[in-house]
Every structure is written in C-alpha cells, then in structure tokens.
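The values are calculated or read from the model by the stated rules, or taken from the named source; none is laboratory data. Since we're looking at a predicted model, the values are computed, not measured. Here the Cβ is made from the backbone with ideal geometry for all residues, glycine too, and neighbour counts use every protein chain on show.
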Amino acid sequence: MLYILILFVLLSPCSCVDPFNISFSSFNSDSCGNGSNLICMGSAAANNESLSITTSHEQNEVGRVLYRYPVLAWPAYICTTFTIRVLTDPGSSGSGDGMSFILAQDTKPSPAKSFGSFLGIFDQSTEGVLHQLAIEFDTYKNEYDPDGNHIAVDTTSIDKPVAVKSLNSTGIDLKSGKEITVRIEYDGWSKNLQIYVAYAGDLLVSFLNHTMKLKGMVPSSVYLGFTGATGPLTESHQVLAWNISSIELPKKSLGKENPKMVVIVIISIAMGLLFLAILALPFVLRAQRRKRERLARKQDIEVHIAAGNGPKRFSYRQLSKATRNFTKENLLGTGGFGSVYKGVISDPSSTIAVKKVSATSTQGEKEYLAEICTIGRLRHKNLVQLQGWCHDRGQLLLVYEYMPNGSLDRFIGKGRTFLDWTTRNQILQGLASALVYLHEECGNPVVHRDVKPNNVMLDSDHNAHLGDFGLARLIQNEGTATTMIAGTPGYLAPEVSFTGRATPESDVYSFGMVVLEVICGKRSKGIMDDNSLVDDVWCLYEKGELLDCVDKRLEGKYDEDQMKRTIVVGLACLNPEYTLRPRMRKVVQIFMNPDEPLMNLPGSRPSAVFLSFNRSSSTVTTSTTTDFGHNNVQAKGGVIANPI
C-alpha cells in the first residue's frame, strides 16, 4: 500500500499529501509562543495573520522562523508550498535585501552578522561551514547578482549560488507588494529540485530546475523555515501561508554503484572528453596566448611601478577579505573610474578605501598605471595618500587612506550637512596648498585636470585632501598636457574645450569654481546656462553687494573682509582669459596674509576672450568686454570663446 501511495504522490499534479503533512493557513500571536510548532528568532514575529520575518523600519535586521520538529530530507520526496509578500517603504528611494526558504541543520538563530546581502543565511565567518540549503528571493542587486529581482539556490556561499535566474522574464516583481505563491519540490529519485512561482490566484509555472544531491549537503533530517534580512535599505518580508510535506523513499533512491555501468560510463566520458579536446584545441591555444599577453601587461605594470619606488602591492584576496567581497554595505561611492569600497586590514590594523576600476570604465590600465606612478611619488599633507595597489585576476585596484567625512560634495547644497566658515576656509586653504605643490613643488609639475568637490576628501578634522589622479598628466617641457578632453563640465576652463590642452591655469579655473560653490553653499549650473552661479556672483559684484551671495546658513558668522577677499580670489581664478588668472601661490599668499594685495578685477564680468592655440607664440591676443568698453591687444591666430 505504501508503494502505491508513493507512486500516486509522485504522479499526482499537486504532489503534496501524506505520509507527513502540516499546513499553516494563517498565523497569530500564539504561532511563535512557547509550545507552538514554530520557533521565531531575531526580528521575526507573528501578527495580523502573517509571519513577519523583518519589518520595514529597521536597518540591519535579521529574522528566522523554523518549524520546531525535524523533517526527513533524504531519502525523501519533499514538497512545500507557501505564500509570501514583500512590502517596501513608499518614502524610501530603495529597498532590500530579501528573504529565503531554508533547510537548516539545527534550530540555532541566524549568524550574528548575516544582515544585508547575507539574507540571514550565512555571514562571512560561516560561509562554507554551515550545512544547509537555501532558496533565496533576492530584492537587491549586489555586484555578483544578475539583478534585484531573482531567485537563487545557495549551499555554501551567497555570492556563488549553484543556480540563479531572474524573475523579470515571468512578469513577477518580488517588490510589487502582491502576494506571491511558491512551490518547491525535491525528488529524491531524480535528484531534481523544481521551483514553481506565480502571483497568488494565478496558475503556478515551472521557473527553475536544478539537479543536486542532498545527501552530503545537509543532514538526513533538517529544520524547514524562512530567513530574511535588511541592510542600509529596509523592507518587510512576510509569510502568509505555508504547507510542508515529506515522503520517505527507499534507500536505493540514494543510488548504488553498478560496476559494469561505471565502466561504460567512464569509457563514454573519456571518448567524449577526447572529442571535445580536439574541438577545443584551437580555442585553448588562443586562450593561452591571451593569458600570456595579460601576464606580460601585468609584469609591465609591476616593473614600471617598482622602477618608480611605488607603494605596497596587495593581493586580490587581501582586498576582497578587507571589503567583505566588495559588498554593497561597504560601498562608499561610484564615479567614472569605478567604485570605491571601505575596507579593514589587520596587518597593521587600519581602515582603507579601495578603488575598484570598473570593467566598463572608459579609463583602464593606462590611466591606472599613470595614477600609481604619479600619486605614488607625491607626498603632501593635503593629498590623498596612496597606500597600495593590486593588479590580479584581471582586476585593477588602488588602496588609499580612508577619509571618514567623505567628499566635499556631501557638504555643498545638502540641507542635512553644514560647515561653518572657519572649516570652509580651512578646506579652501588646504586645497590651494595641494595645487601649489602639484604645480610648482613636486619636481615635474602635475596637472590634476579634474578639480571638483567630489575629488576633495575630508579627514576626521575636515582637512582637505585632493584625490583621484586618474586624469593627472605629468607636464614636461611644453608646460601643457594634451590628450583627449577629460574632466567635468562646469569645472573645465574654456580654453580646454577649444585646445584640448590642460595647464596649471585650467586647474586654477576649476579651483575658482570650487571656491564659489563652497562660499555660496550650492552647486553651479551648466557653463552655458542662464543665471548660473558665476553669473549671480558677478552681478552682485557689479552692484557692490558681494556678500549677498554668501550661504545664508552661515548667518553672518564670518569675517566680512576675509569673505570678500576670498570671493574676489574665486572670480579672478574664473577669468576666461587664462593668462590673467593668478597662480596658486598668489592665492595661498592672499589666504594666509590679510595684507597681501588682491588682484584687480574688471568692473563687470568679461564676456569674451581670444584664445591663442600656440602657447609658445611671442604674443597672446585678449579681447575683453566690460562696462568700461573694449580693450584689445593684437596678436597672432586664435578663436573667440563664449564667457564661462
């Protein structure tokens, strides 16, 4: 009779019947109480006819719910059907991280640090240690995920699932707030794991199939349940109904070796491998050639860095461990060169920032080498210190000292952050000092090419440190660095757009824009937009109302003479004619000495400039229009540029 019952179960469309079966059609406050069938741990609780694994209010939450009694996992046929719902906070810009159905080895809580991308399944210390199987319903895209709406099967690691598939092709969105029904079946005969999914009330469709042996992966008896976790972003994970079935199968379902069959299989596999090897030989040879080329490039990079007495070399494994495998919880920011992650190294113990060069970045090995060779030899208190580098596994990484207060960009035009005038003035002085060092004091002058608030980092005392030398170029004899136009619109000097040449004077222009943004407490608009920040400040200068541009949040708590001198410095640096801009040493002298004479400004904003393309030319033509008329100096060929 049992054989007939098993055969009926295996052939039945719904599959979920005795000999063991338990159902939870809904949940109440007693579902998690003492003596109940469920064990609720962490943030998990039963209320409003559902199991809430996590709430939508707390960051770094971890919840776990397990059926109190062990269930046979092998040799067995297992089927479970449940309805889940993921609710996001309408006022939040994002949500995460997801939940899972789990076959756990015991009834212990989720690991202590299994919040965020670990989904309450593992943490960094238990990956590869715990014997469990989890089917994750992931709502946040990490670096190793296909997207933020997928199902994956995990055994020993979150970032290396044995199977993963996006739900986008089904039209199902885990974060839609709708009820979603899932059925998971494991057939101990075929060793096939089958996952069905649909919105509640719709017909279940087969979504993911994967062949795997539970024996050796999990104990013969396991504890079934759910986990969920949030990280910096939050969401609520709920279970609305749940059914469990398990049918014991004969031990022969585990498989038994047949000597003759083993020989046949081995011979067949060997012949197949030989045939594939012959077909794959050309591809293998090409792959080896490419590998040799990559190795040669890597050795070339290492030789160049070693020749320049470069910084310490790290292994990829060291940096991956320091940043917890570059998880989103450690992500500090993303830019054109790639992503930056916070990390902690143990020898010696210190916090670092790791820049991981993006595979899709328009910059790459050439810029990476330039940055190491350039910044590696630079030493100044107002430059971000490069501590090390890594070129391994096809990845390019730079290791910097960690700046606790992030970038200056966070403090400009952001209502929740505020810096007083003393701190702002200190930042501008530090930035000016860094540029003096780059332009005049470090041997071969260096043009930064991308001076902007995003590249000014602040330490714990809000001292400025200029970073991101990915666009830096050494200036040799001609005093200019010429490559493709690079930098950030709004901070580029007008002559760079025409000539493609970056000079110390173009860095001065970018510095002037940063000065105005720091003083006014807001970001500049596009360089050709009406009513830009530069327009506004010039208009107030012409009216003699210069202090009206100062950030109102300062509430007048500053030295007026010092403020006016600083604004005049910013406007002088923004002169569209590069020959009329001050040198950074003059700027530092004005900042440090209140008696230092200021540079002269015209009565109104210069509206046009004549740009010479030949810097070595004996004469330079400048045509400047002001309220006092036109001043012209004749010289050789150039172009007329619009005002900036």
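Summary table below
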quantity	calculated
Pairs with Cβ under 9 Å, 6+ apart, first in region 400-420 and within 12 Å of Asp459 (Cα to Cα), second outside any strand (DSSP E or B) and of a type in the set (S, T, N, Q)	Glu401/Gln385; Met403/Ser460; Pro404/Ser460; Asn405/Ser460; Ser407/Asn454; Ser407/Asn455; Leu408/Asn454; Leu408/Asn455
Verdict on Lys108 being surrounded by fewer than 18 Cβ atoms within 10 Å (Cβ to Cβ), at pLDDT below 95 and within 21 Å of the chain's Cα centre (by Cα)	no
Which numbered condition Gly638 fails, given (1) in contact with a Phe, Trp or Tyr (Cβ under 6 Å, 6 or more places away or on another chain); (2) modelled with pLDDT of 90 or more	(2)
Options Leu214, Leu249, Leu208, Leu233: the member that is in contact with a Lys or Arg (Cβ under 6 Å, 6 or more places away or on another chain) and of a type in the set (A, V, I, L, M)	Leu208
Condition met for Phe137 (modelled with pLDDT of 95 or more, under 30 Å from the mean Cα position of the chain (by Cα) and surrounded by 20 or more Cβ atoms within 10 Å (Cβ to Cβ))	yes
Residue match in region 42-51 (condition: assigned to a strand (DSSP E or B) and out of contact with any strand residue (DSSP E or B) (no Cβ under 7 Å at 6 or more places or on another chain))	yes
Which listed residue, of Lys557, Lys586, is more than 30 Å from Val446 (Cα to Cα) and either over 39 Å from the mean Cα position of the chain (by Cα) or at pLDDT 90 or above (or both)	Lys557
Residues of region 318-328 classified as at pLDDT 90 or above and part of a helix (DSSP H, G or I), total	5
Residue within region 276-294 that is modelled with pLDDT under 80, among the acidic types (Asp, Glu), touching a strand residue (DSSP E or B) at 6+ places or on another chain (Cβ under 8 Å) and not assigned by TED's automatic domain parsing to the domain that holds Leu66 present	no
Leu224 assigned by TED's automatic domain parsing to the domain that holds Ala241, farther than 22 Å from Ser95 by Cα, at pLDDT below 95 and crowded, with 18+ Cβ neighbours inside 10 Å	no
Residues of region 111-123 satisfying the condition of being aliphatic (A, V, I, L, M) and crowded, with 23+ Cβ neighbours inside 10 Å	Leu119, Ile121
Considering residues of region 72-96 that are under 36 Å from the mean Cα position of the chain (by Cα) and outside any strand (DSSP E or B) only, the residue modelled with the highest pLDDT	Ser95
Matching residues in region 364-402 - criterion: being farther than 24 Å from His439 by Cα, modelled with pLDDT under 85 and among the aliphatic types (A, V, I, L, M)	Leu396
Residues being of a type in the set (Lys, Arg) and surrounded by fewer than 20 Cβ atoms within 10 Å (Cβ to Cβ) - total across region 48-84	1
Breaking point among (1) touching a residue at least 60 places away in the same chain (Cβ under 8 Å); (2) touching a Lys or Arg at 6+ places or on another chain (Cβ under 7 Å); (3) not aliphatic (A, V, I, L, M), for Asp123	(1)
Cβ pairs under 6 Å, 6+ apart, first in region 503-522 and outside the structural domain of Thr579 (by TED's automatic domain parsing), second surrounded by fewer than 24 Cβ atoms within 10 Å (Cβ to Cβ) and at pLDDT 95 or above	none
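Let's see how each residue does on (1) loosely packed, with under 15 Cβ neighbours inside 10 Å; (2) not assigned by TED's automatic domain parsing to the domain that holds Val451:
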| position | (1), (2) |
| --- | --- |
| Trp389 | no, yes |
| Arg393 | yes, yes |
| Leu397 | no, yes |
| Ile412 | no, no |
| Leu419 | no, no |
| Thr423 | no, no |
| Ile427 | no, no |
